[in-house]
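Note sheet for the following structure.
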Amino acid sequence: MSAQASVTRRDFLRVSAIAGGGFLLATYLPALARAESLGAPGSDEGELNAFIRITPDGIVTIAAKNPEIGQGVKTMLPMIIADELDADWANVRVEQVGLDTTKYENQWAGGSMATPMNWTPLRQVGAAARAMLVAAAAATWNVDPSTCTTEAGSVHHRASGRRLGYGELAGKAAGLTPPDLKTVPLKDPAQFRIIGTPVHGVDNHAIVTGRPLFGIDVTLPGMVFAVFQKCPVFGGTVKSANLDAIRALPGVKDAFIVEPPADTDLTGLQGGVAIIGATWWAAHSARGKLKVEWNEGATAQQSSTSFAAQAAALAAQPPQRSLRRDGDPEAALGDAAKVVSAEYFYPFIAHVTLEPQNCTAHFHDGKLEIWAPTQMPARGRTIVANTLGIKEDDIDIHLTRGGGGFGRRLNNDYMVEAARIAKQVSAPVKLLWSREDDMGHDFYRPAGFHYLTGGVDAKGTLTAWKNHFVTFGDAPRYAASAGISDTEFPARFIPNFSLDVSSMPLGVPTGALRAPGSNAIAFVMQSFIDELAHAAGRDPVDFRRDLLSNVEPGAAMDASRMSGVLELVAEKSEWGKRTFPRGTAQGVAFHFSHRGYFAEVVQVTVSRAGALKVDKVWVAGDIGSEIINPLNAESQAQGAVLDGLSEALAQEITIANGRAEQLNFNRYPLLRMYQAPPVDVHFLKTKFPPTGLGEPALPPAVAALCNAIYAATGKRVRSLPLSKHDLSWG
């Protein structure tokens with residue numbers, strides 16, 4: 001198979017014989033990212049992509065092209081192919097492939113996009129292969145292909161009772177003319193045998209038995225180890241360092257200053273000192289004796305305290321710009337029976353992937369080979385090529401499993417660091433960040449400030465809403481992940497609505513963190529809606545029902561789908577049907593993000609002294625017509641909820657003198673196992689195409705938790721984390 005080819009739809013499949021009489025099925029995948037909607041036709045020409053390999057013993061090997069960072073795509077996407085192929089899952093093997101933009105599209109992980117991008121194309125992959133195998137069997141038996149059926153890795157001719165396994169047919173199938181994509185029938189979902197069944201992750205056994213899968217596990221002959229000390233102030237550079245003293249230390253092979261490119265930003269190569277050791281511990285220990293004089297730069301003047309002061313000053317002034325204005329909010333507030341005003345704040349938080357950032361690189365013969373747990377390998381390759389001045393074609397990237405991603409590995413700063421160091425070292429180099437490196441040089445979830453006013457009429461209906469959002473950036477551009485959309489709920493659900501924005505400059509790097517934007521915005525919107533429900537004397541679920549019924553044309557969120565999950569979670573949690581003692585209560589919230597609709601109820605118990613215990617969480621989600629792998633889907637929703645609770649309880653990065661103050665778990669506690677409540681997950685299957693699940697279950701959890709605390713204690717939480725609040729009551 002050629003490395004690259006241009007194909008028409010009629011040439012959708014190219015089948016070529018491989019050693020042992022099997023066949024390799026390579027396919028063109030439409031670029032769904034360029035389509036106006038799911039299921040829209042792609043370009044008639046494109047790159048050759050995914051493949052299936054079948055050997056004579058009936059083993060089906062399916063390529064996993066997307067990075068696996070714990071979201072389950074290495075199992076879920078091959079399940080789609082295998083079901084349409086009618087393979088026996090017991091005979092399926094999954095093989096992680098490296099970055100290859102001549103054969104694959106959309107080789108990245110993020111935004112819960114794996115399912116919507118690949119659902120239809122990968123079904124076509126499996127269905128086309130099945131058609132080829134049926135045609136091969138029909139030719140063998142001299143029967144009409146329409147009289148043949150497939151099941152569990154074999155083709156059957158029911159009338160004669162004959163059967164041939166896929167392995168027996170593979171060689172003959174390789175010589176047949178491939179079908180037209182338009183003529184390849186897809187299964188009726190009622191015929192799915194693998195999709196919709198609980199399947200354990202293909203890497204589970206390897207993970208629990210300690211087999212090397214992750215970037216941190218990579219070992220190469222002759223490999224040396226590197227640490228890279230950057231300025232604690234973001235964007236700072238090296239003035240001088242005691243390199244001679246470091247080079248003389250035991251186990252140290254070299255130490256040198258890395259200068260950043262003139263046009264770099266915080267996502268690219270930063271200045272610092274590289275220390276190369278025979279072992280990582282030798283390099284890490286030497287860093288403890290490193291003395292560096294830094295050029296700290298302008299960001300050294302920034303702090304969380306100064307950000308809060310600037311936000312308060314901006315809130316007292318007219319907003320810098322208006323994003324949306326419907327009706328007349330001021331007049332509606334003047335006519336309201338009750339008016340509520342509130343200030344909300346959420347802090348910077350870090351990704352804290354349990355596997356710190358790492359990358360192994362080997363520069364040899366003018367070419368670079370990289371092993372990395374990256375969510376964006378193609379973008380990383382481009383940054384490396386531009387920084388090192390080499391061609392992208394001379395860079396080979398192997399995808400390792402990531403020990404968590406959550407958006408952190410969308411940025412490839414650790415990859416370009418390893419590549420730059422490897423170019424100067426004549427050996428394979430493994431760069432491994434310490435936990436302090438990881439937390440002190442993250443792309444943080446940005447902090448934000450919301451100044452809200454809302455009004456309800458005498459009937460308890462929400463009639464007016466104003467939000468002055470103070471965030472970071474250089475207007476009209478936001479800092480990464482610091483923005484808000486003019487369609488963000490409750491836009492188009494309240495007749496008198498305004499959303500205004502003011503921005504302040506930021507030198508701290510920010511970026512996407514699981515459910516970016518939504519993970520913070522949902523806390524604010526759903527908490528303030530809860531405030532208004534209580535001000536109106538309304539049940540919070542009933543108040544939200546009415547709000548969803550007021551939808552106007554142009555809303556980004558499908559109100560009927562959100563109503564469906566709200567009703568489901570109310571039913572499963574027995575909302576309003578139980579009586580709790582003082583200090584125990586339930587809170588509710590919902591949010592639409594990443595094409596997923598989720599409503600959640602959190603039940604808490606707060607002691608008189610203020611000790612908080614999360615008793616249980618109920619989750620209702622609508623991610624379309626199919627739950628591809630229910631076992632993984634439940635795990636993803638549970639993990640997202642626990643992640644959100646962990647963020648709310650105690651996570652915060654504060655900035656002082658341009659640097660992060662929390663550098664390890666002693667000052668940045670994660671949720672402990674004893675704190676983790678049971679999470680009861682339910683899915684509402686609807687007629688819509690299936691969508692992703694890694695992110696949309698997280699945002700409602702934080703607001704539902706805070707709303708439950710209010711119901712239990714009468715104390716409204718308007719800022720995070722909860723560890724800074726006194727929740728005592730009595």
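Bear in mind that the values in this text are calculations on the coordinates, not laboratory data. Small disclaimer: the values here were computed from a predicted structure and weren't measured. Because the Cβ atoms are built from the backbone with ideal geometry, glycine has one as well, and the counts that use them run over all protein chains shown.
Determine, from the Cβ-Cβ distance of residue 220 and residue 343 and an R0 of 51 Å, the FRET efficiency 1/(1 + (r/R0)^6), rounded to the nearest 0.05. The computed FRET efficiency comes out at 0.45.
Given axes a ≥ b ≥ c from the Cα gyration tensor, I'd like to know whether segment 575-715 is rounded (a/c under 1.5), prolate (a/b larger than b/c) or oblate. Oblate, since a/c reaches 1.5 and b/c is not below a/b.
Of the residues 649, 493, 596, the one whose Cα sits farthest towards the positive end of the charge dipole of the chain is 649 (charges of +1 on Lys and Arg Cβ, -1 on Asp and Glu Cβ, taken about the Cα centre). Stokes-Einstein diffusion of segment 653-730 at 4 °C, 1.567 mPa s viscosity, Kirkwood radius from Cα pairs, rounded to a whole number: 79 µm²/s. When you count the other C-beta atoms within 10 angstrom of each residue and take the mean per peptide, 232-244, 109-121 line up highest first as 109-121, 232-244. With the convex hull of the Cα atoms taken as the outline of segment 240-282, the averaged projected area works out to 3.7 nm².
Using the rule -39500 (n - 2.57) for each DSSP H run of four or more residues, divided by the residues of the chain, the 222 nm mean residue ellipticity is -8500 deg cm²/dmol. Label positions at residue 321 and residue 572, each projected 7 Å from the Cα along the C-beta direction, are separated by 4.0 nm. Placing R0 at 60 angstrom, the Cβ-Cβ distance between residue 144 and residue 549 gives a FRET efficiency of 0.65 after rounding to 0.05. Per-residue extension of 0.36 nm, minus the Cα-Cα distance of residue 57 and residue 313, leaves a gain of 85.0 nm for this segment. Each Lys and Arg Cβ is given +1 and each Asp and Glu Cβ -1; about its Cα centre, the chain then shows a dipole of about 940 debye.
Summing +1 for each Lys or Arg and -1 for each Asp or Glu among the other residues whose beta-carbon sits under 11 angstrom from that of residue 431 gives -1.
At most 15 other Cβ atoms within 10 Å and a DSSP loop assignment: could you name the GluC sites (Glu not before Pro) in segment 399-505 that fit? Walk me through the numbers before you get to the answer.
Working: sites: 417, 436, 488; in loops: 488.
For GluC sites (Glu not before Pro) across segment 399-505 that sit outside H, G, I, E and B with at most 15 neighbouring Cβ atoms in 10 Å, the list is empty.
Shape of the chain from its Cα gyration tensor (a ≥ b ≥ c, root eigenvalues): rounded if a/c is under 1.5, otherwise prolate when a/b > b/c, or oblate? It comes out oblate by the Cα gyration axes.
Under 5 Å from the amide H of residue 479 lie the amide H atoms of 472, 473, 474, each residue being 5 or more positions distant or on a separate chain, with H modelled from the backbone and absent for Pro and chain starts.
The trypsin sites (Lys or Arg not before Pro) of segment 454-524 that DSSP puts in a loop, and whose beta carbon has at most 10 other beta carbons within 10 Å, are 459.
Residues whose amide H lies under 5 Å from that of residue 294, counting only those 5 or more places away or on a different chain, are 239; hydrogens are built 1.01 Å from N in the peptide plane. Judged by the mean number of other Cβ atoms found within 10 Å, the most tightly packed of the peptides 349-361, 645-657, 247-259 leads the ranking 349-361, 645-657, 247-259.
Looking at the chain, the DSSP beta bridges with both ends there are about 75 percent antiparallel.
Could you sort 384-392, 619-627 so that the peptide with the highest average Cβ count within 10 Å comes first and the rest follow in order?
Result, highest mean Cβ count within 10 Å first: 619-627, 384-392.
The relative contact order of the chain comes to 13 percent, based on Cα pairs under 8 Å that sit 6 or more residues apart. Charge tally for residue 237 (other residues, Cβ to Cβ under 13 Å; Lys, Arg +1; Asp, Glu -1): -1.
Within a straight-line Cα-Cα reach of under 20 Å, residue 182 cannot be paired with any lysines, leaving aside sequence neighbours fewer than 8 residues apart in one chain. One quarter of the convex hull surface built on the alpha carbon atoms of segment 505-572 amounts to 7.0 nm², the projected area averaged over directions.
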